[in-house]
Amino acid sequence: QVQLVESGGGLVQAGGSLRLSCAASGSIFSINAMGWYRQAPGKQRELVAAIISGGTPDYADSVKGRFTISRDKNTVYLQMNSLKREDTAVYYCNARITTNQNMRFLTGDYWGQGTQVTVSS
């Protein structure tokens, strides 16, 4: 009973910026990690950025220096600057969450619904 809701996608010109948000809600005991993946047409889903609780962010080489991941409680953000056409994809929020279900603590991965990011020339 965990839901991740994404927002912030849209159409932007190359060189522009977007900020994605993902809010987790439900029977959350703790959030161990949050991150962003993306999938372009005809390509596999790939990790864009991730942040582990108490750790430092990790980024795909293709976005280093341009994207910044941050987290505030149950919400993770992805600030995307200097966007390129190759950044066009559906972006998915991911979270590794421990839930408390009838005093049973279970940890699993949860996914947002995806938000479209389109970068035009």
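Reported count of residues in segment 19-50, each being open to solvent by 30 Å² or more (accessible area, probe 1.4 Å) and among the aliphatic types (A, V, I, L, M), is 3. One residue stands out among those in segment 16-58 that are under 14 Å from the mean Cα position of the chain (by Cα) and among the β-branched types (Val, Ile, Thr): the one that is nearest to GLY108 (Cα to Cα), which is ILE31. Taking segment 101-117 as the range and being open to solvent by less than 50 Å² (accessible area, probe 1.4 Å) and in a strand (DSSP E or B) as the test, the residues that pass are GLY108, THR115, VAL117.
Scanning segment 88-109 for residues that are among the aliphatic types (A, V, I, L, M), out of contact with any Ser or Thr (no Cβ under 9 Å at 6 or more places or on another chain) and over 29 Å from LEU18 (Cα atoms) gives a single hit, MET103.
So which of LEU4, LEU47, LEU11 is under 13 Å from VAL90 (Cα atoms), in contact (Cβ under 8 Å) with a residue 24 or more places away in the chain and of a type in the set (A, V, I, L, M)? Outline the logic, then answer.
Details: LEU4 fails: under 13 Å from VAL90 (Cα atoms); LEU47 fails: in contact (Cβ under 8 Å) with a residue 24 or more places away in the chain.
Matching residue, one of LEU4, LEU47, LEU11: LEU11.
Taking each residue of segment 104-121 that is under 21 Å from GLU6 (Cβ atoms) and of a type outside the set (Gly, Ala, Ser) and looking for partners that are open to solvent by 50 Å² or more (accessible area, probe 1.4 Å) and assigned to a loop (DSSP other than H, G, I, E, B) with beta-carbon atoms closer than 6 Å, six or more apart or interchain, yields VAL119/ALA14.
The values are calculated or read from the model by the stated rules, or taken from the named source; none is laboratory data. Not measured: the values here are computed from a predicted model. Cβ sites come from the backbone with ideal geometry, for glycine too, and all protein chains shown count toward neighbours. These accessible areas exclude ligands, DNA and RNA; they are computed on the full protein's heavy atoms, side chains included. Shrake-Rupley method; radii C 1.70, N 1.55, O 1.52, S 1.80 Å.
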